[in-house]
Amino acid sequence: MKNDSHPTADVRRVACCVVGGGPAGVVLAYMLARQGVSVVLLEAHEDFDRDFRGDTLHPSALELMDELGLAERLHKFRHTKIHTGTVMTEDGPVTLADFRRLKTRFPYIMMLPQKDFLAFVVEEAKRYKDFQLTMEARVEELIEEDGVVRGVRYEQGGVWHEVRADLTVAADGRGSRVRHLGGFEQVKTSPPMDVLWFRVPRREGDPEGGVGYFGAGQGIVMLDRGEQWQCAYLILKGSYGQLRAAGLDELKKRIVAGIPQFAERFEHLKEWKQVSMLSVESSRVKTWHKPGLLLIGDAAHVMSPVGGVGINYAIQDAVVAANTLVEPLRAGRVTESDLRKVQRAREWPTRLIQFIQTTLQKRLIAAALKLKRAFRIPPALRLLLRIPFVRDLPARVIGFGFRRVHVKLRPGPEAGA
Ligand SMILES: Cc1cc2nc3c(=O)[nH]c(=O)nc-3n(C[C@H](O)[C@H](O)[C@H](O)COP(=O)(O)OP(=O)(O)OC[C@H]3O[C@@H](n4cnc5c(N)ncnc54)[C@H](O)[C@@H]3O)c2cc1C
């Protein structure tokens, strides 16, 4: 790690430096600030307005927002609710996840533009004097002294700045620069698919909730966004170049072959710039920390979009990190044992969900994309899905993850400031 490569214009000192203003970073920074822990949040972009980051908030994330006293105001933003996840098969629709059966105040997935969610949490954090936000701050270097990470250097508009902190948290997502700088080893799996992401109009009488169509070489998941469908069209990994060369009309033809009832909707796709190709990745680091540095969210475990659980897991990581680290941060002494506790609480739920995502991707999704005919649910699985415990399992796992997390901190002295 470099220690002195760029002269810096200034040095800031805080208890915690959070790198990355995604769901993990904003929730952690908010929670620390409301406990009176000085925190700076560094975000590389100038705003939170980036599309295609996933716009879902699952029941457990909503419960956590509720425990933080934010759920009610969050629901004032324009949103839609997804109550069911249904797959259309040759034998008709099969509901694979029914969130209405979950025992929670929030038995649905809230579809809320992620930019609204992030900006909302940041606005709430700004009420606390211990919160600082710096946008357009691209972290490029770690400061390491005597084997301990003491902070970061970032570049903003061609000027370098330094933040010194008792703890640096990498929440900078799937391509984490901090993970790379810290030399963390990644264990990768190879998802067999990529995703084309776009929106088409939704009309009255259309199905509700989340709907998946698989088979006949197609895989498309459509999420109800009110007047629009957010579509995730699955393609075999590495096939994008070929598809792009074949042209947009070919893409539309293929989609419509699978779901002819929606043919007219896809006429709204007129140019490739309406379609984003998102490479699906999945990985985890073996150790989430080193002295003075902790990785959370996608920086620690890159999540596949299967089940749309990445945001949930990122928020849960942030809450566990805040629960565990507030006291050591207040005392000015965060040990590796404190950081290990965060990994211990979050690693197994993450590994379990990644195992399930990998299995589904390989066994079901890749197989469905190669099928010549429409997708059918095997009769044995149909029978299993009649057993209430099994029937409710997918909704529980998607909705809550494998370990429910709670906020264990009371609002600090600054609450309501
Ligand atoms: C195609 C696709 C679709 C998905 N759909 C969903 C979905 O519907 N629902 C869902 O729950 N999950 C979904 N996911 C997964 C989800 O996007 C991630 O798991 C989640 O965003 C992780 O949150 P995070 O806070 O860890 O990181 P991110 O959300 O990636 O946030 C990281 C932040 O760090 C910033 N940053 C990066 N580098 C630096 C730097 N050097 N300095 C400062 N800032 C930096 C970035 O600008 C960004 O704001 C999807 C993933 C893919 C690939």
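The values are calculated or read from the model by the stated rules, or taken from the named source; none is laboratory data. The shown structure was predicted, so the numbers you read here are calculated from the model rather than taken from an experiment. Using ideal geometry, Cβ is built from the backbone for each residue, glycine included, and neighbour counts are taken over all protein chains shown. Areas reflect the complete protein model, heavy atoms only, side chains present, ligands, DNA and RNA absent. Shrake-Rupley method; radii C 1.70, N 1.55, O 1.52, S 1.80 Å.
Descriptive notes on the structure:
- Checking Ala44, Ala15 one by one, the residue that is surrounded by fewer than 24 Cβ atoms within 10 Å (Cβ to Cβ) and assigned to a loop (DSSP other than H, G, I, E, B) is Ala44 and no other.
- Under the condition of being within 10 Å of the ligand (Cβ to nearest atom), among the hydrophobic types (A, V, I, L, M, F, W, C) and part of a loop (DSSP other than H, G, I, E, B), the residues counted in the stretch 155-209 number 1.
- Scanning the stretch 47-77 for residues that are over 20 Å from the mean Cα position of the chain (by Cα) and within 11 Å of the ligand (Cβ to nearest atom) yields no hits at all.
- The condition (being over 16 Å from Asp317 (Cα atoms), β-branched (Val, Ile, Thr) and within 13 Å of the ligand (Cβ to nearest atom)) is satisfied by just one residue among Val40, Val18, Val11, Val26: Val40.
- From the list Ile353, Ile311, the lone residue that is out of contact with any strand residue (DSSP E or B) (no Cβ under 7 Å at 6 or more places or on another chain), touching a residue at least 12 places away in the same chain (Cβ under 8 Å) and within 16 Å of the ligand (Cβ to nearest atom) is Ile353.
- Condition met for Glu347 (in a helix (DSSP H, G or I), surrounded by fewer than 16 Cβ atoms within 10 Å (Cβ to Cβ) and among the acidic types (Asp, Glu)): no
- The residue list Arg138, Arg150, Arg127 contains one member that is open to solvent by 10 Å² or more (accessible area, probe 1.4 Å) and under 23 Å from Val342 (Cα atoms), which is Arg150.
- Boolean, Leu381 is over 29 Å from Glu124 (Cβ atoms), surrounded by fewer than 23 Cβ atoms within 10 Å (Cβ to Cβ), touching a residue at least 60 places away in the same chain (Cβ under 8 Å) and not aromatic (Phe, Trp, Tyr): no
- In the condition set (1) under 30 Å from Phe184 (Cα atoms); (2) within 11 Å of the ligand (Cβ to nearest atom), Glu145 is compliant with all but (2).
- Any pair with Cβ under 8 angstrom, 6 or more apart, that starts in the stretch 126-142 at a residue that is part of a strand (DSSP E or B) and ends at one that is within 14 Å of the ligand (Cβ to nearest atom) and of a type in the set (Gly, Ala, Ser): Phe131/Ala29; Leu133/Gly21; Leu133/Ala29; Arg138/Ala44; Val139/Ala44; Leu142/Gly151; Leu142/Gly182
- Listed by position, the strands (runs of 3 or more DSSP E) contained in the stretch 232-300 that have at least 3 residues being closer than 30 Å to Ala15 by Cα are 282-285, 293-295.
- Among the residues of the stretch 392-404, those identified as in contact (Cβ under 8 Å) with a residue 24 or more places away in the chain and assigned to a helix (DSSP H, G or I) are Asp392, Pro394, Ala395, Arg396, Val397, Ile398, Gly399, Phe400.
- Selection count, the stretch 227-238, where residues are within 16 Å of the ligand (Cβ to nearest atom) and either open to solvent by less than 30 Å² (accessible area, probe 1.4 Å) or within 28 Å of Phe77 (Cα to Cα) (or both): 8
- For the stretch 252-263, the count of residues that are open to solvent by 30 Å² or more (accessible area, probe 1.4 Å), small (Gly, Ala, Ser) and touching a residue at least 24 places away in the same chain (Cβ under 8 Å) is at least one.
- For the stretch 180-224, the set of residues classified as among the acidic types (Asp, Glu) and closer than 22 Å to Glu271 by Cβ consists of Asp194 only.
- Residue tally, condition outside any loop (DSSP other than H, G, I, E, B) and more than 16 Å from Thr104 (Cα to Cα), over the stretch 68-87: 6
- Condition broken by Ser276, with the remaining ones in (1) modelled with pLDDT of 90 or more; (2) buried (at least 18 other Cβ atoms within 10 Å of the Cβ) satisfied: (2)
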